[in-house]
Amino acid sequence: MVEVVVTGGAGFIGSNFVHHALDAHADWRITTLDALTYAGRRENLADLDDHPRHRFVHGDITDAAVAGPLVKGAEIVVHFAAETHVDRSLESAGAFVQTDVFGTFVLLHAAREAPDLRCFVQVSTDEVYGSVAQGSSRETDELRPRNPYAASKAAADRLAYSYWATHGVPVVITRASNNYGPRQHPEKLIPLFVTNAIGQRPLPLYGDGLHVRDWLHVDDHCRAIDLLIERGSRGDAYNVGGGNTTTNLDLTHRILRALDRPASLIAPVADRPGHDRRYALDTAKLRALGWEPRTAFEAGLTATVDWYVRNEAWWRPITEGSPHRVYYERQYGRRERPASA
Ligand code: NAD
Ligand code: DAU
């Protein structure tokens, strides 16, 4: 059996990857290591409780006593665990440095002493390039992260590279664009707007709403990681983008149409400080290995909206839980005024 460690596997992309990988590889035995922060949901993996090739370890990647032995026994490590929400990084950056940078260091340090390790996937992000006024970012472009989340991820991205360059750790780095799909925490744009629209609540659109993101279905990201484990050049970074660049305003209208809700639900609010205007990725390097996104945006978005409609039992306990309500009030209560005010 191939021993695989997935960090952050109880989160959005991680849980989709664990399900994908168990289906795709009959010879993989997966250990999920997750601290179950506010973003980690044990129920995301509940259907795997009796799976013979999966086990869940509740632990923190910054705890070398827990994470070290797991990494040292692995053939493949896929490292998703991170603090991931840009808005939260504006108010409490320390947690991002601790998990995203120091946590990655703990894993890489252990990876030096992993005799069978053949791939360590550092799941990075397109945010490391910073805002791109025109054209699209290539892997060789300068990294210009512009918010504490992006800066922490850029540090981890380059730390992983340095462990390849100096210690030969078989690192492959993915830089993906905005993922969407089932089981994404309702703090993020698409699930936030979908769940608010379902409840006829305002959709807090930052600034003028003309910021551009490139949307990638989570399944396409999972397939890219899978391919890169086998074919990615060690030490290299690969952009993973859906090729679906659109403004937040356009996306908001699409969500409203899918749910048959009025445009009057759109509530422009004060902009995110340092809000990156545009991300866009050149994915030629990954495509040269045979990958292309399979999920058309319109179909993927419709299916995703439908998933949240059908799975209220998944998101309702989050949105109605006290921590999220406190966060929501702190995040949106004070900014619910016109962007021009
Ligand atoms: P998420 O916030 O949904 O999940 C993060 C998971 O990591 C949670 O299960 C959480 O419990 C766990 N975690 C956090 N701190 C931990 C710690 N110290 N020890 C162990 N586990 C910990 O995140 P996501 O959106 O699924 O993102 C996963 C990864 O992909 C992150 O590294 C993120 O930077 C990267 N990424 C995300 C996107 C996106 O659009 N969501 C795009 C590109 C890259
Ligand atoms: O680009 C990849 C990144 O995508 C990942 O690395 C991050 O982990 C992930 O959170 C995501 O970051 P963004 O900041 O792009 O995602 P978010 O869903 O927070 O916001 C998407 C866009 O929508 C962004 O331009 C800000 C805007 N927005 C977001 C929220 C939460 C709003 O207008 N209103 C909101 O309430």
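Each reported figure results from applying straightforward, stated rules to the coordinates on display, with no laboratory input. What you are looking at is a predicted structure, and each value in this text was computed from that prediction instead of being measured. Cβ sites come from the backbone with ideal geometry, for glycine too, and all protein chains shown count toward neighbours.
Numerical summary
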{"item": "All lysines inside 22 Å of LYS188 as judged from Cα atoms, apart from same-chain residues fewer than 8 positions distant", "result": "LYS153"}
{"item": "Contour excess over end-to-end distance, with Cα ends at VAL326 and SER233 and 0.36 nm allotted per residue", "result": "29.1 nm"}
{"item": "Alpha-carbon Rg/Rh ratio, for region 60-217, with Rh computed the Kirkwood way", "result": "1.01"}
{"item": "P(r) tail fraction, region 180-299 - alpha-carbon pairs more than 19 Å apart, %", "result": "54"}
{"item": "Rel. contact order, % - alpha carbon contacts under 8 angstrom, at least six apart, the chain", "result": "17"}
{"item": "Projected area, mean over directions - region 293-336, Cα convex hull, nm²", "result": "4.7"}
{"item": "Estimated [θ] at 222 nm from DSSP helical runs (n ≥ 4, -39500 (n - 2.57)) normalised by residues in the chain, nearest 500", "result": "-11000 deg cm²/dmol"}
{"item": "Kirkwood Rh, Cα atoms: Rg over Rh of the chain", "result": "0.95"}
{"item": "Gap separating the Cα centres of region 105-131 and region 293-309, nearest whole Å", "result": "30"}
{"item": "Ellipsoid equivalent to region 14-106 - semi-axes via the Cα gyration tensor, in Å", "result": "24, 16, 11"}
{"item": "Cα-based Rg and Dmax for region 246-323, where Dmax is the largest Cα-Cα distance (Å)", "result": "16.7, 47"}
{"item": "Trypsin sites (Lys or Arg not before Pro) lying in DSSP loop within region 89-160, provided at most 12 other Cβ fall within 10 Å", "result": "none"}
{"item": "Debye intensity ratio in log₁₀ form over the Cα atoms of region 75-164, taken at each q of 0.15, 0.16 Å⁻¹", "result": "-0.58, -0.65"}
{"item": "Given 10 as the ceiling on other Cβ atoms within 10 Å, longest exposed-site-free region of the chain for GluC sites (Glu not before Pro) in DSSP loops", "result": "143-319"}
{"item": "Lys/Arg +1, Asp/Glu -1 at C-beta; the chain dipole; positive extreme among ILE173, THR304, SER233", "result": "THR304"}
{"item": "25 °C / 0.890 mPa s Stokes-Einstein diffusion coefficient of region 145-215, Kirkwood radius on C-alpha pairs, µm²/s", "result": "162"}
{"item": "Rh (Kirkwood; distinct C-alpha pairs) - region 253-294, Å", "result": "14.4"}
{"item": "Point-to-point label distance, ASP27-ARG294, nm (Cα→Cβ direction, 7 Å offset)", "result": "2.2"}
{"item": "Inter-probe distance in nm under a simple model that places probes 7 Å from Cα toward Cβ, at ARG334 and VAL309", "result": "3.8"}
